[in-house]
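Contents: one structure, followed by commentary.
No lab work stands behind these numbers, since they all come straight from the coordinates. Just so it is clear, the structure is predicted and the values come from calculations on it, not from any experiment. Ideal geometry is used to build each Cβ from the backbone, glycine not excepted, and the neighbour counts take in all protein chains shown.
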Amino acid sequence: MLKISKEANRESQVRNINRYRNNKKFFTLSQKIVILISMVVFIALLPSALFTTQRVAQVIYDRVSINAVSINNILCHSDIIIDGLGKPPGAIDEAMADYVNEVDNSDEAGVAIFDRDFKERVFYNPGKLKDFKRTSLDLVHNYSFKDKISWRENYDIPNKAFGYVKNDVGEVVGYVVTGYSDDILNNSAIDSIMFLLLMTAFGLSVGIFGAIYLAGRVKKILFGLEPEAIAAMLQERNIILDSVREGVITIDDKGIITLVNIEAESLLNDAKIFGANELVGKNIKDVIKNIAVDSILDEGKIVTNVTIKIGDTLFITTSVPLMLSDKIIGAVFTFRKKSVVEELANQLTGFKNYSTALRAQTHEFMNKMHVIMGLIEMKAYDELKTFTKEVAYNRQSEVNYVVTRLRDITLAGFVLGKISRSRELDIDFSLSEESELHNDLEVPSVHDIVLIAGNIVENAFDALENFDGERIVSLSILDFDKEIVITVEDSGPGMDEETIKNIFKRGFSSKGQGHGYGLYLVKQSINNLEGTIDVESSEGEGTIFTVRLPIKRDGGLND
């Protein structure tokens, strides 16, 4: 059920990737951020600007009206104006005009003073208000029938203020009209509005540039990728991780699991790990208890090809820290079953033994062919006849000798190849006469025997390669009722105790770097087959390897 659901999910991810790639975008991420922030700033500033503009215009109107009413009140209660309006027109009018100029002290406001008979006594209009005299007289006619005017009525008169001049006994002796032109209101309002619009434009510009900067930062953080591309990459990553045949687990810098691929879930389920399908969010130490998580996250240490036990299964793991700008942000753990890795290694090593044997036989055959061709060139036909009979007889004798003892044709071919290789190396190699192996084995397989015997024999050849004494290697393969015993004996220089302790360690070799894996694989294979290997050696007296493997034939294990 898990496999089916995961496959369906993978197909969905592939469809999503294609949809993302085929989707034509009208706007990039940067453009979207700029447009969004610009709209937010514009929407935020526009109502404020409109409201402020309206309020400014109202404030200007109120200020002008209040100013006009204030001037009007001063003039209406001035003794100079009251006394002047109580006298006939003449020199007193100039005194009233000077006083008006002194009170107003402005080039914008206009003042018109009329007596009780509606005659103009003072007309002060420095700003050249249009139709000020006529409109002022109209106000006098409109309000002359009253003896007072309320503040609200005065306020509602557009751009003007009206007032009554009364004497000491309360009689109306004249009228005062103060006014401002529409241009004053309009120009003041326009100036204020323009200032507000400039501030709004400035705020909008700052918002746009801020949006562009933010978009650039976001784009840089996302490595210049669009959200759709990131989504497609994540989908591709999931597909790739679910396609590999290794378990993959990623963690953050706190050791919390952030990703588990399908193979990891399957392997952990096989290892009897409870809840292997729900590991995301858990601490890696609760799942893999014997892995050096702290040294990886704290020191950035890379750990490769380490054998650990998870549940009831052995795994080979590799741990690599995740780095971002020289900072460790997590780690990746990959793992496979140790048995699978060893099987692959065994297969590779077995193929190497087969190819080595085939190459040696081919080389020996070519040498003999050269001899035959030389004899033909010299027309030494009698010698040619004798040589070919001898070669054929010797070869046939060797084949019969090996095949009668080793019934499996693959194993027999392997031994014959080693015989040919030994001749190249000038080493006396032989299969013991008591050797015997049937071909009905299931465990160990012929492949296992080739791997184990081949590596031990090659190790013996290496020991004798530069040896000055006798160069003899003997191979014995005995098939008993319950076990197979493989013995390889050489006459080489032997080994000291320290070497014997380390020969099965991976990478240990007296030949330097790049060697030391053959006997390590031999030991691993023997352990997997639940067998044993013994080494007898002393310096100057050669070496004997003895391998014992329990037998399982077709039909069951021999007890």
### Query
From the backbone phi of segment 461-477, what are the Karplus-calculated ³J(HN,Hα) couplings (6.51 cos²θ - 1.76 cosθ + 1.60, θ = phi - 60°) in whole Hz, Gly and Pro given as x?
4, 4, 5, 8, 4, 10, 8, 8, x, 4, 10, 10, 10, 10, 10, 10, 10
### Query
Once amide H atoms are placed 1.01 Å from N in the peptide plane, what residues at a sequence separation of 5 or more from Gly542, or on another chain, have their amide H within under 5 Å of its amide H?
Gly492, Gly494
### Task
Scan around Leu259 for amide H atoms under 5 Å from its own, H built in the peptide plane at 1.01 Å from N, and keep only partners 5 or more places away or cross-chain.
Thr250
### Message
For Arg407, what residues show an amide H to amide H distance below 5 Å, using hydrogens built from the backbone and excluding near sequence neighbours?
### Response
Leu437
### Task
Provide the per-residue ³J(HN,Hα) series for segment 265-270, in order, calculated from phi with Karplus coefficients 6.51, -1.76, 1.60 and θ = phi - 60°, each as a whole number of Hz, with x at glycine and proline positions.
4, 5, 5, 5, 4, 5
## Note on the structure
DSSP beta bridges in segment 408-530: the antiparallel percent, rounded to 5, is 60 percent
### Query
Of the peptides 212-220, 413-421, how do they stack up when ordered by the mean number of other Cβ atoms within 10 Å, highest first?
413-421, 212-220
## Note on the structure
The equivalent-ellipsoid semi-axes of segment 403-557, taken as the square roots of five times the Cα gyration tensor eigenvalues and listed largest first in whole Å, are 25, 19, 13
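P(r) tail for segment 244-338, what percent of Cα pairs lie past 24 Å?
12 percent
Quick one: which of 446-454, 498-506 comes out on top by average Cβ neighbours within 10 Å, and what's the full order, highest first? Could you put the intermediate results ahead of the total?
Numbers: 446-454: 23.4, 498-506: 14.2.
Most protected by this proxy first, the peptides run 446-454, 498-506.
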### Query
Between their Cα atoms, which of Lys282/Lys327; Lys309/Lys505; Lys87/Lys128 are more than 26 Å away from each other?
Lys87/Lys128
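Take each of the peptides 531-541, 69-79, average the number of other beta-carbon atoms within 10 Å over its residues, and list them starting from the highest. Before the final figure, lay out the partial values.
On the way: 531-541: 14.3, 69-79: 17.9.
Output ranking for 531-541, 69-79: 69-79, 531-541.
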### Summary
So the FRET efficiency between Gln54 and Lys119, C-beta based with R0 = 45 Å and rounded to 0.05, is 0.60
### Message
I need the per residue convex hull volume for segment 26-225, using only the alpha carbons, in cubic angstrom as a whole number.
### Response
141 Å³
## Note on the structure
Phi angles of segment 326-336, converted by Karplus (6.51 cos²θ - 1.76 cosθ + 1.60, θ = phi - 60°) into ³J(HN,Hα) in whole Hz with x for Gly and Pro, give 6, 10, 7, 10, x, 7, 10, 10, 10, 8, 9
